[in-house]
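Read the figures in this text as sums done on the coordinates, not as results from a lab. This one's a predicted model, so the numbers in the text were calculated from it and none came from an experiment. Cβ placement follows ideal geometry from the backbone for every residue including glycine, while neighbour counts extend to all protein chains displayed.
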Amino acid sequence: MKKSKLLALLLALTMLLSLAACGGGNDDKQSDNSQPSQSSTGGDAQKTDDAEPAGDEPVKVEDSEFFGPIYDEWSDMTDDELYQKALEEVKDAPEINIYATSSKMMKAEEDFEEAYPGLDIVIMDMDQDEVLEKCVLEADSGNIFGDVLQAKDVNGDVFFDYYEEGYMSAFYPRDLSAKVDEDLLRYGYPLYASQSFWYYNTEAFPDEQPVTSWWQIIEKNEDGSQKYRLFTKEIGTETSYLSLFASFVVNADQMEKAYEDLYGEPLEYTYDGSGFEFDVPENNAGLEYMWRFSQMQMTFIGDGDELVQAVHNSTRDDPALCLASGGKIGNRDESGFNIAWLTNLTPYTGLENCEYMYVVNGCKHPAAARLFIRWITGGVDGESGGLKPFSKEGNWPVRDDVEGDWNPVSLADCGAIEPDLAAINDAFGSTQDLWNYWLSVSPYTK
């Protein structure tokens with residue numbers, strides 16, 4: 001796991017494990033050995049001390065054996081087969097625990113229990129860090145209470161630091177997976193997709209969006225002033241936004257082409273990558289963009305509603321743009337804000353960020369967990385009702401039999417791309433270090 005993220009957690013684990021040692025380890029994380037077990041290439045994997053390669057050879061994230069879809073005995077079970085097994089599981093442990101990162105999951109509780117009498121689910125709404133840390137603490141102490149885990153993976157940390165480490169498994173129901181683009185199944189089984197957008201003021205620009213390229217966002221007027229006031233959460237501390245910038249580094253050729261297509265001349269490289277403890281590639285258009293962006297005047301606001309309000313309050317003579325989650329478009333109708341997404345930016349608008357559903361390894365209800373995942377992601381025909389709480393503008397279904405007509409356009413038509421989380425994960429750390437340093441030397445943050 002990444003030391004910078006989990007140092008405090010590891011210290012807590014040391015104390016917890018010392019107390020649990022007299023009770024023995026959790027050598028077998030599958031609580032019911034009579035249940036089908038997933039294959040060694042992506043199922044209920046055991047955490048072992050020899051999971052890391054020998055010597056100093058780094059792990060190559062692009063070669064993961066856990067990339068999906070991976071099918072096993074669970075994959076072909078019907079809802080009724082899983083239901084019957086689930087009824088047996090709850091005789092010994094009545095409550096099925098769902099660790100959710102969205103309060104909308106709470107709205108699914110009664111409908112699921114009505115569809116499957118005799119099953120009692122308890123949904124715990126937590127921040128993603130809390131969900132993941134709770135999963136780790138339970139696994140390493142041998143006291144596992146969670147059954148299902150929801151998490152968004154925007155930079156590969158969930159996949160490489162938790163899934164590969166054996167804390168949870170990706171369940172791939174074969175019939176439902178056939179309705180999902182296989183590329184979206186690579187890192188887990190998705191619930192829905194979303195993305196972040198730049199927002200503009202529709203009253204200030206009623207005829208068309210003022211920007212069609214990421215490069216235009218950082219344009220300046222002839223007098224050196226910025227064309228647009230920029231509002232965003234602090235990118236260096238927002239994993240989803242920094243992952244987007246890391247993708248520009250990965251897709252530098254696309255960034256360079258977008259510049260040349262827009263301005264009709266080669267991109268001039270001005271960033272200084274010297275003095276870092278890692279190699280900084282030369283003439284990388286993604287890094288050049290990030291350098292220029294970091295030197296702009298920006299206003300950091302932590303609340304997404306306030307971000308889009310800043311755009312609503314702007315004018316054509318003093319225009320503003322903000323970067324916020326797609327779901328904040330709801331303020332257009334709820335609060336009367338004059339806002340809209342900037343779509344089809346070159347080289348791409350944003351990343352398709354998926355919410356994934358996982359089975360907690362060693363859980364007490366392996367069948368019930370998988371039944372819930374099938375149900376919450378739409379069931380056999382997409383009509384189970386599980387997707388209803390998440391069917392709002394700014395969220396897109398990933399199944400080809402669910403239209404998602406609550407959005408004006410498809411996710412692809414917005415200009416989003418499917419992220420290469422392995423490549424983003426590889427570039428993320430250095431991208432964050434560069435952003436933080438370059439921001440620190442900005443004339444606006446000194």
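Structure notes:
- Among the residues of the stretch 157-191, those that are under 21 Å from residue 135 (Cβ atoms) and in a strand (DSSP E or B) comprise 168, 169, 189, 190, 191.
- Being under 20 Å from the mean Cα position of the chain (by Cα) and of a type in the set (D, E, K, R) holds for only one residue in 352, 306, and it is 352.
- Count of residues meeting criterion [in contact (Cβ under 8 Å) with a residue 12 or more places away in the chain and not in a loop (DSSP other than H, G, I, E, B)] in the stretch 355-413: 24
- Odd one out for residue 211 among (1) part of a strand (DSSP E or B); (2) touching an Asp or Glu at 6+ places or on another chain (Cβ under 9 Å): (1)
- Index of the failed condition, residue 154 passing every other in (1) assigned to a loop (DSSP other than H, G, I, E, B); (2) surrounded by fewer than 22 Cβ atoms within 10 Å (Cβ to Cβ): (2)
- Looking only at the stretch 186-244, residues that are within 17 Å of residue 296 (Cβ to Cβ) and not hydroxyl-bearing (Ser, Thr, Tyr) come to 26 in all.
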